[in-house]
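Values quoted throughout were computed directly from the atomic coordinates according to the rules given, and no laboratory measurement underlies them. Predicted, not measured: the structure shown is a model, and the values here were computed from it. Cβ atoms come from the backbone with ideal geometry, glycine included; neighbour counts cover every protein chain shown.
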Amino acid sequence: MEQYTIKINGIEVTAPKGTTILEAARMAGITIPTLCYLKEINAIGACRICVVEVKGARGLCAACVYPIAPNMEVFTHTPRVVAYRKKTLELILSDHNCACLSCVRSGECELQALCREYGVENENLYAGEKNPSQLDDSAAHMVRDNSKCILCRRCVAACAKTQGIGVIGANNRGFKTNIGCAFEMDLADTSCVSCGQCIAVCPTGALYEKESIDDVFAAIADPNKHVLVQTAPAVRAALGEAFGMPIGTNVEGKLAAALRRLGFDKVFDTNFGADLTIMEEANEFIQRVQNGGVLPMITSCSPGWVKYCEHYYPEFTENLSTCKSPQQMFGAIAKSYYAEKMGIDPHDIVTVSVMPCTAKKFEIGRADQAANGVPDMDYSITTRELARMIKRAGIRFTELPDESFDLPLGLGTGAAVIFGATGGVMEAALRTAVETLTGEELGKLDFTDVRGVEGVKEATYEVAGLTVNVAVASGLANAAKVLDMVKSGEKNYHFIEIMACPGGCVNGGGQPQQHASVRNFVDLRAERAKVLYSLDKDAKLRKSHENPAIIELYETYLGKPGSHRAHELLHTSYVKRSVNHNF
Amino acid sequence: MRNITIQELETIRERMAPHIRFRHEEMIGQMDENYRAHICVCGGTGCTSSGSEKLIARLEKELKANGLEDEVQIIKTGCFGLCALGPVMIVHPEGSFYSRVTEQMIPEIVKTHLVEGKPVTKYLYQETVTENGIIGYDQTNFYRKQNRVALRNCGRISPEHIDEYIGTDGYFALKKVLTEMKPEDVIQTLLDSGLRGRGGAGFPTGLKWKFARAYDNDQKYVCCNADEGDPGAFMDRSVLEGDPHAILEAMTIAGYTIGASQGYIYVRAEYPIAVQRLQIAIDQAHEYGLLGDNILGTGFKFDIGLRLGAGAFVCGEETALMTSIEGNRGEPRPRPPFPAEKGLFQKPSILNNVETYANIPQIILRGPAWFAGMGTEKSKGTKVFALGGKINNTGLVEVPMGTTLREVIEEIGGGIPNGKKFKAAQTGGPSGGCIPAQHFDVPIDYDNLIAIGSMMGSGGLIVMDEDNCMVDIAKFFLQFTVDESCGKCTPCRIGTKRLLEMLEKITQGKGTLEDLDKMEELCHYIKANALCGLGQTAPNPVLSTLHFFRDEYIAHVVDKRCPAGVCKDLLRFVVDPNKCIGCGLCMRNCPASAISRTDYVAPGHKLASVAIDADKCVKCGVCLGNCKFKAISKK
């Protein structure tokens, strides 16, 4: 690769051709502020906060998109540049709903942080007409408040490029430009899959999940309710970030402690549901292979993916595993097996899940997700909502001791915890399926071919005389690639794992938001996944079928995987939807 | 359908050339072998909207009635330029220029002129009627100083007949390029000619092509910017309507030069006649194999598609235009990479505007020295301007670079109506600036206009007189940019809006001197920070008026007065009680019932005078127009 040497604020930097000024400056130890820029998906040079002076250039140059050239001289923080950045912020504020005190993003807002950094003193300096904006709270999982939108279009890029969906875009022109759905449709009326990747990348409080915090607190306070909480594997890999802990910190113990202190009657783990999912899903896969069922079988844990499949690839809904997601399996068991065991009326049980996900909010309201005559799950909150609850309850999270989950539904294996990373479900299923098919114990449990943050991964395994071709995709644009290859006959897979969010649940739409200045230089997917793989590595139990709570559940209640009762409780059905016409 | 050969192309030229030459002034008294007279009727948008289609129908009827249909040919041409006097038609070989022609005049013109051979003097453009008889229209003030290169075929040929174009050496530049020149030769020719882009920024065309040629790629594109959007500008429309094949020929030459096989013309859907004629031209070029595979048997392949713009001004910006052709929302992209490297569909591309292309076949045929012989040191050739505003000869003119504003406005444009005083000329559209009287004698070229705070732009030239308020003018252009901003970058989306609000504040009499400084600061910020040319130049109308007409701003801000009497909020209509005879006409016609009678009777008058209640007055000006005694004035 050709290398260019340039000078940034007098410091010499050598970087490969194609490097942007922004990246080169970072190499020189200089942060140039950004708002609209998101690595790989949104290099549009729109917000102009990253402008720098380049010797010889007519105007200022946007560092996020401006490639370095030999002998270039760049000045990133001259008085002129700094003054202009401040003006850009002042202009943005003139069309911004500055109700920061009550904003969900206050304290974590990228715009707010930059305004402080650049010494903006008067948000009304350019006060004038504001863009008439609407609030779209039609969807089950999120709210769009365009009065806080700064038109960086990161959400648009996440939706269109990461997910290949594009249900949002710029409407109108000029000052009246706003982000919304085509023809100003409500989000709920589009084929939005509820993944929440738009929220994850939003720099301000314009996009946020529909909160259930008050409802959950109310349930906890209700003496007549037995409130259970389950927490997804990926939550423990990211919750610490909301309390200033380094990215990639495992907070499993503190998470359990915090939930207990919040007053939940039982603190359980979605890992239990995940192990149960593997039992059912591995069984379903083996049945499909042995009985000529529809192949490839595709995982159904990710509700964003399921909805995507229903909208965009309805011809594949028969390929979806009929297994409910771990969240829903957990709920169904909590309100049946657990209720009976504890002698509690299922109507008095309130099930709450903490998820790295916004689509889970949609999932709990889906049809065929109420096995016992009551909804399997009552509330699903995001990792971010949990962090807000912990803060509101005055719990000093970082100082908490490590505690464990309650039994029996708090017991999970290493196979379950890796569900939170792309490839994890596949690996967990393989561990169980291979042992089931061969009847022998696996020597090596690590299926490393399906690990890692790549968007599409493939592997072929020889199992008990069968050749099994598997694929793993995360991020729906990657899912589309895999499905298209299956459709065209180019690939012949038997089993596919698909996660809606790139990198899997660790990078879910409900996880703590990281500023672009972090996202652009740290791979959140990889850092958070490390937590899960290390938990798996250190786990005593690493195969779902060895989870004693699962074994007991089958022995005493469900019978065998795929039994009639298991089907009633743990399996679901899908619908075929059309694009941009929800029903 | 088969490709014509070079030999056949030459045969068509030989057949058509005398026919076309018949329409030149010097051919007076000669005969076309087929027709003894040609009537060229302007079929441009201006004349069409003032009824030239009806004239043609009436002409056909009258010619038939007089048995002349085989002797006299009617040609629907492109624009003659003198739109103010439309509909226009010229009868050859005399070159009689009939202006403001109505259907009712046709029978007389046919009978007297075409049957009896005597031009109908009373219907002629009166400037061609002199004491010494009828002069050629090219001797009139409007045409005398013009030099029509880009517009050479406008008004001369039928744009809907490819043979007529071939008769003017059309497609012979292409033949020359394909058979005698290497791509490098074409580039050198353009460089030597000094041709710079007519779209506004004035980038050397040869250099642009050279860059695009240098990038290796199996697919490149040639684009034509026909998305003319400056308020009051219609140069490109006229070329497209009058000479569409020149654009196709030039684009094909560009394709050969940079190594592209596909071209796109991005043309506004609001130009239906241009679109229609372009489509006809493309179809005819296909028919002759002048587009498609193996052009003129040389093995070269090139095709052109039309893409219609939906009217967004920003789509005239090159990257926005390409984004729009790609099927996306028309928004600019950051540069670099420049289109020469990654343009349309991320492939090496060039984009030139219509007028630039229109010059190219001529440069190839007549040589770079000929072209470089016109104009100034750094701006060669001619430039087409659309004259508009407070000027007598509204229309299209093409003058050598270096012509002064005075020549264009006073001589060619016929000066300012009603004896009003010239105040400023606006060039460059919403990206340009206002040029005050003190620069009346500056030779117009790219660099001079930049030096005085304006720019060439695509050629809109709007004249303003003493009745124009310069703050209002700045507001007008800024309103345009605010409306047309794509909304992508912050400085343009919000900055221009805030700038406009400040201007509104000033025209409402609520501005302060501090606002002027704040405005100027914001202007410089937007220029330095906006993403694309639209935003970067949007403050120019404000900056140039602030520079040259600061006193008018100060009058608005300090004296709360609009010197030109335009800004309504600052206007007061007052009655001079000593001039008012109390007739009451104004009272009866006031839509706001703001006028009432006083008890003052001026000496010598019988009735009491009236007075205007400023609180009720809506400043419509009806009273002013009605008062026969000049008793009412604006202050």
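Values computed for the structure shown
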| quantity | calculated |
| --- | --- |
| Student exercise, the range A:1-80 dipole from Lys, Arg, Asp, Glu Cβ charges, in Debye to nearest 20 | 200 debye |
| Interchain or long-range residues, amide H under 5 Å from B:Gln508's placed H | none |
| Orientation-averaged projected area, Cα convex hull of chain B (nm²) | 32.2 nm² |
| Cβ neighbours within 10 Å from other chains - mean over B:479-490 | 6 |
| Centroid-to-centroid separation of the range B:36-64 and the range B:92-130 [C-alpha atoms, Å] | 13 Å |
| Mean residue ellipticity (222 nm) of chain B, computed from DSSP H runs ≥ 4 via -39,500 (n - 2.57), nearest 500 | -10000 deg cm²/dmol |
| Surrounding net charge for B:Gly263, when Lys and Arg each add one and Asp and Glu each subtract one, Cβ distance under 14 Å | +2 |
| Euclidean distance between Cα centres, the range B:194-237 to the range A:1-72, Å | 28 Å |
| All lysines inside 17 Å of B:Lys61 as judged from Cα atoms, apart from same-chain residues fewer than 8 positions distant | B:Lys76, B:Lys111 |
| Estimated vicinal HN-Hα couplings, Hz - the range B:626-635 in sequence order (Karplus 6.51, -1.76, 1.60; Gly, Pro = x) | 7, 6, 8, 10, 6, 8, 10, 9, 8, 10 |
| Residue-count net charge about A:Ala459 - beta-carbon cut-off 13 Å; Lys, Arg +1, Asp, Glu -1 | -4 |
| Amide H within-cut-off set for A:Tyr208, under 5 Å, with H built and near neighbours excluded | A:Val143, A:Asp145 |
| Rounded to whole Å, sorted largest first: equivalent-ellipsoid semi-axes of the protein assembly as shown, Cα gyration tensor | 69, 39, 27 |
| Per-residue mean of C-beta atoms belonging to partner chains within 10 Å, peptide A:166-178 | 5 |
| Hull volume in cubic angstrom per residue (convex hull over the Cα atoms of the range A:145-187) | 74 Å³ |
| DSSP beta bridges in the range B:231-388 [antiparallel fraction, %, rounded to 5] | 20 percent |
| DSSP beta bridge pairing in the range B:232-311, given as percent antiparallel to the nearest 5 | 10 percent |
| Furthest towards positive pole of dipole, A:Ser194, A:Val453, B:Gly309, structure part the protein assembly as shown, Cβ charges | B:Gly309 |
| Gain in span if fully extended, B:His286 to B:Glu116, counting 0.36 nm per residue against the direct Cα distance | 56.9 nm |
| Student exercise, chain B dipole from Lys, Arg, Asp, Glu Cβ charges, in Debye to nearest 20 | 1860 debye |
| Per-residue average of Cβ from other chains inside 10 Å of A:43-56 | 4 |
| Segments B:376-382, A:196-202, B:599-605 sorted - mean Cβ within 10 Å per residue, highest first | A:196-202, B:376-382, B:599-605 |
| Amide H contacts of B:Val610 (H built 1.01 Å from N, under 5 Å, at least 5 apart or other chain) | B:Gly582, B:Thr598 |
| Net charge contributed by nearby residues that have their C-beta within less than 15 Å of A:Met342 (K/R +1, D/E -1) | -2 |
| Fraction of antiparallel bridges per DSSP, the protein assembly as shown only, in percent to nearest 5 | 55 percent |
| Dipole-positive endmost among A:Leu38, A:Asn71, B:Phe573 within the protein assembly as shown (Cβ charges, Cα centre) | B:Phe573 |
| Under the Karplus curve 6.51 cos²θ - 1.76 cosθ + 1.60, θ = phi - 60°, whole-Hz ³J(HN,Hα) for the range B:522-531, x wherever Gly or Pro sits | 5, 4, 5, 4, 4, 4, 7, 10, 5, 6 |
| Compactness index (Cα Rg / 2.2 N^0.38 Å), the range B:478-635 | 1.40 |
| The range A:366-425 versus the range B:536-584: alpha-carbon centroid distance in Å | 69 Å |
| Protection proxy ranking of A:286-297, A:400-411, B:129-140, A:301-312 - average other beta-carbon atoms within 10 Å, highest first | A:301-312, A:400-411, A:286-297, B:129-140 |
| Phi to ³J(HN,Hα) by Karplus 6.51 cos²θ - 1.76 cosθ + 1.60 over the range A:427-435, Hz, x for Gly, Pro | 5, 4, 5, 4, 4, 6, 5, 5, 5 |
| Burial ordering of B:Leu365, B:Leu114, fewest other beta-carbon atoms within 10 Å first | B:Leu365, B:Leu114 |
| Sorted by Cβ density within 10 Å, fewest first, the residues A:Leu35, B:Leu396 | A:Leu35, B:Leu396 |
| Test item: Cα-centred dipole of the protein assembly as shown, Lys/Arg +1 and Asp/Glu -1 on Cβ, debye | 2840 debye |
| For chain A: relative contact order, % (alpha-carbon pairs under 8 angstrom, 6 or more apart) | 16 percent |
| Cβ-based charge dipole, the protein assembly as shown, positive-most Cα from B:Val129, B:Leu296, A:His347 | B:Val129 |
| Cα pair distances exceeding 18 angstrom across the range A:285-331, given as percent | 32 percent |
